[in-house]
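Right, one structure below, let's go through it.
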Amino acid sequence: MERAGRAVSVEEELKVLEVKINQLKLDYERYFLGSRPREPSLLRAEVQKSVTYYSNTPIQNTAQRFKFASLCSRFQAFKRRWDETLRQIEEGSFAGHRFRARLHETGKRPPAPTEDLYATYLEARRRCGQDVTQLSRDKLEKVIHREKANLRERYGDASFEFRVVVENGKARLKARRAGPS
């Protein structure tokens, strides 16, 4: 393949493909958790195009051929999972959407920010295959309270809000400054 008028090595292209697959995985996780408004179909099409190109191109180096096969296998597994989740969303059987729909139908107010954060964090940990048996709402609130105190000590009297992010296949809480309190 050529990029910007210069030939790019297969090894560099495979590294780029790996980064794109990882980014696509994160984007789909954000989409399914509701923090991304649209499905990342453009990036998925780019990755599919690269996979198709290298599937039809002979790779001479054994290590590169193995790496490409591994990347293809990961991408195919992710595609099956994403397509299944998208099917569940279309059918209305996706757990995250059913929860919000029940709230809407019953006319109940949405959960408090900590409750919503707990539900999101719990779901993200489950999706990442992390243990949730020791996680409770009280433990999460204590962790957030402790972290807010640490952040105020470091950054002064400011308010912070927490959000759930998925990094390196693990769900984590990230704080961001919400402005002066």
Cα convex hull volume per residue for the stretch 113-180, in Å³, equals 83
Note on the stretch 38-83: the mean projected area of its alpha-carbon convex hull, in nm², is 3.3
For the stretch 8-95, using Cα atoms only, the Rg and Dmax in Å read 14.6, 46
Filtering trypsin sites (Lys or Arg not before Pro) in the stretch 1-91 by DSSP loop and by at most 15 other Cβ atoms within 10 Å leaves ARG38
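The numbers here are math on the coordinates, done by the rules we state, and not lab data. This is a predicted model, so every value here is computed, not measured. Positions of Cβ are backbone-derived with ideal geometry, glycine not excepted, and every protein chain shown enters the neighbour counts.
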